[in-house]
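What follows is one structure encoded as C-alpha cells, with my remarks underneath.
The values are calculated or read from the model by the stated rules, or taken from the named source; none is laboratory data. The structure presented is a predicted model; accordingly, all values stated were derived computationally and were not measured. Methodologically, a virtual Cβ is constructed for each residue, glycine included, from the backbone with ideal geometry; neighbour enumeration extends over all protein chains shown.
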Amino acid sequence: MKILLAGATGAIGRRLVPLLVEAHHHVIGTTRSADKVGALQAAGAEPAVVDVFDGPALAGLLADVRPELVIHQLTDLPPGLDPARMAEAGPRNAHLRKAGTRNLIDAARAAGVRRVVVQSIAWIYAAGPEPHAETDPLDTAAEGARRLTVEGVVELERLTLSSPPVEGIVLRYGHLYGPGTGANAAAAPALHVDAAAMAALLAVRRGRPGIYNIAEPGRYLDTAKAERELGFDANFRSGDS
C-alpha cells in the first residue's frame, strides 16, 4: 500500500517508518527540514519536504503521489519533548492540530484518499468514573493551557471523523516515553513510543473508523477496544529500543 506519513521524523514517526517498510508498504515520509531527507531515505522511506501550513504545496504533493492512506503524526513540540519548553509549545501545537489537520484532510480528500489515521491524546477526558472509554466526554470545560489543548484535540478529531468520504481513525495516545521522547518513564496513562508506532500499523491493517484509546492499562483509561479490535499490545518494543 502507498502510505503518506506526515510527521515521519517525529518521535513516533521515526519508529513507525521501519515498521511500515518491513510490512512492505511504500512510505512517503514528510518533513519540514531538508536536513532530514537522508535519514528518511536510510530508513527506506521516500522523502517529501513540505510544510503542513502551506495548503497549496501540501495539496500538490498528495495530488502527485496519490497515496492510498494518510497517517498524521504531526506535532509542533520541542526536540526530545523537553519539559522546560513544553508550555511555550502548547499554542503552536494546538494551532497545528487545527489548521494543519484541516490542510491535510482537505488535501487527502482532493487526492481521493479514503482513509486517514491520526494522532490524538488520551489524558483530556472530563472528570468522571474511571477507567475512561472512548465514548466518555472530553474536558471541554477546562481552563488555561489545558483548555487550549482540548480545543485543538476536539477540532482535530472533528475534522478526522466528519470529513466524508474520508474514513477517519483516531488514536488517543498516552504520555510517551522511550527513544526520542526524552523520558524513560511517563505518568499514567503512559505509552512507550514503540507501542504507539505499532498501534498506527495495526490501525492500517485492521482499524475501523472511530476512536481508540492507546496506552498501558491502568485506572485512568480503558484500552479494551484497541486490544480487541486492533490486537494492540502495550508491551510491544522494537528490536533497537
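Of everything in the range 144-157 that is free of Cβ contacts under 8 Å to residues at least 40 places away in the same chain and under 11 Å from Ser120 (Cα atoms), the residue that is surrounded by the fewest Cβ atoms within 10 Å (Cβ to Cβ) is Val154.
Please find, within the range 208-241, the residue that is surrounded by the fewest Cβ atoms within 10 Å (Cβ to Cβ) out of those that are acidic (Asp, Glu) and assigned to a loop (DSSP other than H, G, I, E, B). Applying the filter and picking the extreme gives Asp240.
Among the residues of the range 23-44, which ones are over 19 Å from Arg115 (Cβ atoms) and in contact with a helix residue (DSSP H, G or I) (Cβ under 9 Å, 6 or more places away or on another chain)?
Across the range 23-44, the qualifying residues are Thr31, Ala39, Leu40, Ala43, Gly44.
Of the residues making up the range 165-185, at least one is under 27 Å from Arg114 (Cβ atoms), in contact (Cβ under 8 Å) with a residue 12 or more places away in the chain and surrounded by fewer than 19 Cβ atoms within 10 Å (Cβ to Cβ). When the range 169-185 is filtered for residues that are of a type in the set (Val, Ile, Thr) and touching a strand residue (DSSP E or B) at 6+ places or on another chain (Cβ under 6 Å), the ones remaining, listed by number, are Ile169, Val170. Of the helices (runs of 4 or more DSSP H) lying entirely inside the range 32-103, those containing at least 1 residues that are modelled with pLDDT of 95 or more are 37-43, 55-65.
Residues are listed down the side, and each one gets a yes or a no for (1) small (Gly, Ala, Ser); (2) within 15 Å of the chain's Cα centre (by Cα):
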position: Pro91; (1), (2): no, no
position: Ala94; (1), (2): yes, yes
position: Thr101; (1), (2): no, yes
position: Leu104; (1), (2): no, yes
position: Ala107; (1), (2): yes, no
position: Arg115; (1), (2): no, yes
position: Val118; (1), (2): no, yes
position: Ile121; (1), (2): no, yes
position: Ala126; (1), (2): yes, no
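Residue count for the range 192-207 satisfying the condition of being β-branched (Val, Ile, Thr) and either in contact with a Ser or Thr (Cβ under 7 Å, 6 or more places away or on another chain) or not in a helix (DSSP H, G or I) (or both): 1.
Here Arg205 meets the list (1) surrounded by fewer than 16 Cβ atoms within 10 Å (Cβ to Cβ); (2) in contact with a strand residue (DSSP E or B) (Cβ under 9 Å, 6 or more places away or on another chain); (3) under 24 Å from Ala110 (Cα atoms) almost entirely, failing just condition (2).
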